[in-house]
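Throughout, read-outs are computed from the coordinates displayed, never taken from laboratory work. Keep in mind it's a predicted model, so treat the numbers as computed, not measured. So basically every Cβ, Gly included, is an ideal-geometry build from the backbone, and we count neighbours across all protein chains shown.
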Amino acid sequence: MVDSSMVLFGQTVAYTCYAVAIILVVAWFGYAITRPGKGNKVSKTLFYSFVSFLVVLGVSLHIVTFNTIPWVSMDLDRKNIEADQVFDIVMEDHTFILPEEEMLIQCGQKVMFNVTSNDLTYGFGLFRQDHSMLFQMQVVPGHVNDILWEFKGNGIYTIRSTEYSGPAGHQMIIKDVVHVTGCE
C-alpha cells in the first residue's frame, strides 16, 4: 500500500499542471478573441485540438490515479480479507473509550478499527506525528463504522475526532496511542 502522503503529493503535482494548462488555454483564447486588429479570430482546428487534448489528459489522469489511493484495492476485495487485529473503540460524551491504553500493531498487519458512537456523529482519524492525516472516517450512531488498514511502515499515531460534534469536540485527541513496529 502506497503511503497517502505520497499519493497526495503526486496528485497535487499532476492536477496543478492540468489546471495550469486549462488556465493557459482559456487565457490564450481570451487574448486571441479580444485583441484589436484583423487577426482576432481563433483557428477552430487549433482550439478544438487543445480542448480535445485537455479532455484526454483529464480522463487519463483520473484513470491513472484511480488505484493509487491506498485503501481502494483493499476495499474492493474486503469481503475476502481477514483482519489480523481488531480494535473496538467506543465514542461517547466527547471521549474515546479505547480497548487498550496503547494499541500495538506489527508492521504489515491488516488492522480493523471498529468504531461505535453511542450519542453523536463523530469522526475517527489517525494522524502522523507531523499532524498530517493517515486516514479518517465518519462515525454515525446506529451504523457499522469500521475501516480496514494495512500499515507498511513504523510509526506513532494520534487519534483525533475529525467531525464537528459541538464545542466539546475540539478536545477529542489522544496523542501517540497507536504504535506500529517491526518494519525494516
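Quick look at the numbers
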item: Relative contact order (percent, whole number), the chain, Cα cutoff 8 Å, 6+ residue spacing; result: 19
item: Fewest-first ranking of CYS107, CYS183, using other Cβ atoms within 10 Å as the exposure measure; result: CYS183, CYS107
item: Potential lengthening between LYS175 and HIS143 on full extension [0.36 nm per residue; Cα-Cα distance subtracted]; result: 8.9 nm
item: Within a Gaussian network of the chain (alpha carbon springs, distance under 10 Å), most fluctuating of ILE22, ILE105, ILE174; result: ILE22
item: Estimated FRET transfer efficiency when R0 is 41 angstrom, pair HIS131-TYR48 (beta carbons, to 0.05); result: 0.35
item: Neighbour-count order for LYS41, LYS152, LYS110, LYS175, fewest beta carbons within 10 angstrom listed first; result: LYS41, LYS175, LYS152, LYS110
item: Residues with amide H under 5 Å from that of ASN154, placed H, sequence gap 5 or more; result: CYS183
item: Cα-projected label distance for GLU92 with LEU24, points at 7 Å along beta-carbon direction, nm; result: 5.9
item: Answer label, with semi-axes √(5λ) of the Cα gyration tensor in Å calculated from the coordinates and candidates (1) 45, 20, 15; (2) 40, 23, 15; (3) 32, 21, 16; result: (1)
item: Segment ILE81-GLU100, length gained on full extension (0.36 nm per residue, minus Cα span); result: 4.4 nm
item: Relative exposure of SER161, SER52, judged by other C-beta atoms within 10 Å (fewest first); result: SER52, SER161
item: Within a Gaussian network of the chain (alpha carbon springs, distance under 10 Å), most fluctuating of PHE66, PHE127, PHE151; result: PHE66
item: Between helix 44-65 and the chain: long-axis angle, C-alpha atoms, 0 to 90°, nearest 10; result: 10
